[in-house]
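Report on the structure given below.
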Amino acid sequence: MTTESLPIAVDPAVRRPLGDIAAGAEQFTQARVERIIRVVVALGCAVLGVQAFLNAWGSRQESPAVHLPLLLVVFIPLGMMVAACLAGVAVRAAAGVFAVVFPLVLVCWPLMVQGRGLHAGGAPWIWYLLNVATAAAVLVFPLAMQIVWAALIPVLYAVARLLQLGIGSSATVGVALDATFAAILGAVVIVLGWLLRSVAVGIDRARSDAVASYAEAASANAAETERVAVAALMHDSVLAALIAAERAETPREEGLASAMAREALTRLANADQDSGEGPDEPVDAAAVAAGLRTVVAGLAPDIPVEAEIGIGVPAVPGRVARALVLAAAQAVRNAIDHAQARGLRVSLRVDEAGVRLQVIDRGPGFDPANIPEDRLGIRGSIVARMAAVGGRARVRTAAAGTLVTLDWQHPR
């Protein structure tokens, strides 16, 4: 049998590399957690930003010359950060700008309110943005810098506020409490962000390990499947050709051995196609019958092949058709080698339910229990080949002969 003589043999399907299975699994949860953090930060910063802006708009603590520029310097970066977090674009850049600008504003704060109404009652509008700066640091800085920012921002605020009110004033305790409260909230923000990210890393690592384990198991299974297929190929073609050549005594037997040798060379040259049994491109029943007749004629020209094909029957997947023909070819070889082809005939029936292929001979039969483990003629080339495509092979043998039945049914 050659690939040219069998129309159902086509190029093998392209397989996806096993390594690609794990692609994208390493940071799947981390990416989702980062999106959640960005949205939560955006909503919280928007609420605090609106509250601070409403207080800042009517504030009289800053000098009129710097009041509007100060609002622009603080709230434009804040608005850009909120928009970037919601859109998921340029988040680190926008958060980094606000995280750097806000401490500079705190440093300059005493200069902008010096000599103005020094109100000790209540916190100024800038106090509402202390934890917004810490949240910005969570988005852009590593953990160590986040901790530095969570401690630095309240300290800068306390210094600026005490310079405004006067060190030693009655408001010192209130300023210290405000700064402490902001530091505690900043620590909570950092801890929550660290916990969420740590959990995400753990989940992604577990997922990546599971996918890698699956890929390894799939690779091992593919290797074993290919090993069995190659072993079946070797038995089907090479071993059978050698046995036929050794036993050839008549010109007819020599011609048969020569044909089997040519088949073996062809199949070895196309081992990749044979190992996968070809792609699933549908093949009509007439092509299956034609391929079967070609194979049987190459092994034994006088063997009849009876084909009964129903009207309007569905096509058969290419891999299934090829497996049926190859398994039948092995059954015919067995009948020729062990039963001298006595009473050998092949029948094919294709209907709406599926395909049934039978190989019958009138030889002396055999005892399946006495077949050596290393002989794959039935186990690998017939039974395993049919099982690989969702079919079934049954071998019945007795003193009156052997019947090999290959069944495959259309999926319901």
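The values are calculated or read from the model by the stated rules, or taken from the named source; none is laboratory data. This structure is a prediction, so every number in the text was calculated from the model and none was measured. Ideal geometry is used to build each Cβ from the backbone, glycine not excepted, and the neighbour counts take in all protein chains shown.
Of all residues in region 300-332, those satisfying the criterion of being in contact with a helix residue (DSSP H, G or I) (Cβ under 7 Å, 6 or more places away or on another chain) and part of a loop (DSSP other than H, G, I, E, B) are ALA300, ILE303, VAL313. Looking for something assigned by TED's automatic domain parsing to the domain that holds LEU54 and surrounded by fewer than 15 Cβ atoms within 10 Å (Cβ to Cβ) - is there at least one such residue anywhere in region 127-138? Scanning region 127-138 turns up no residue that is assigned by TED's automatic domain parsing to the domain that holds LEU54 and surrounded by fewer than 15 Cβ atoms within 10 Å (Cβ to Cβ).
Scan region 159-169 and tell me whether some residue there is at pLDDT 90 or above, β-branched (Val, Ile, Thr) and either part of a helix (DSSP H, G or I) or surrounded by 17 or more Cβ atoms within 10 Å (Cβ to Cβ) (or both). No.
Quick one: which of ALA341, ALA335, ALA369 is outside any loop (DSSP other than H, G, I, E, B), modelled with pLDDT under 90 and over 30 Å from ALA315 (Cβ atoms)? Quick ask: steps written out before the conclusion?
Details: ALA341 fails: outside any loop (DSSP other than H, G, I, E, B); ALA335 fails: over 30 Å from ALA315 (Cβ atoms).
Checking each option against the conditions leaves just ALA369.
Contact map, region 54-71: first residue closer than 8 Å to MET112 by Cβ, second residue among the acidic types (Asp, Glu) and surrounded by 11 or more Cβ atoms within 10 Å (Cβ to Cβ), Cβ cut-off under 9 Å, separation 6 or more or different chains; pairs are LEU70/GLU62. Within region 193-246, if we keep just the residues that are in contact with an Asp or Glu (Cβ under 7 Å, 6 or more places away or on another chain) and modelled with pLDDT of 75 or more, the residue that is nearest to ILE378 (Cα to Cα) turns out to be SER208.
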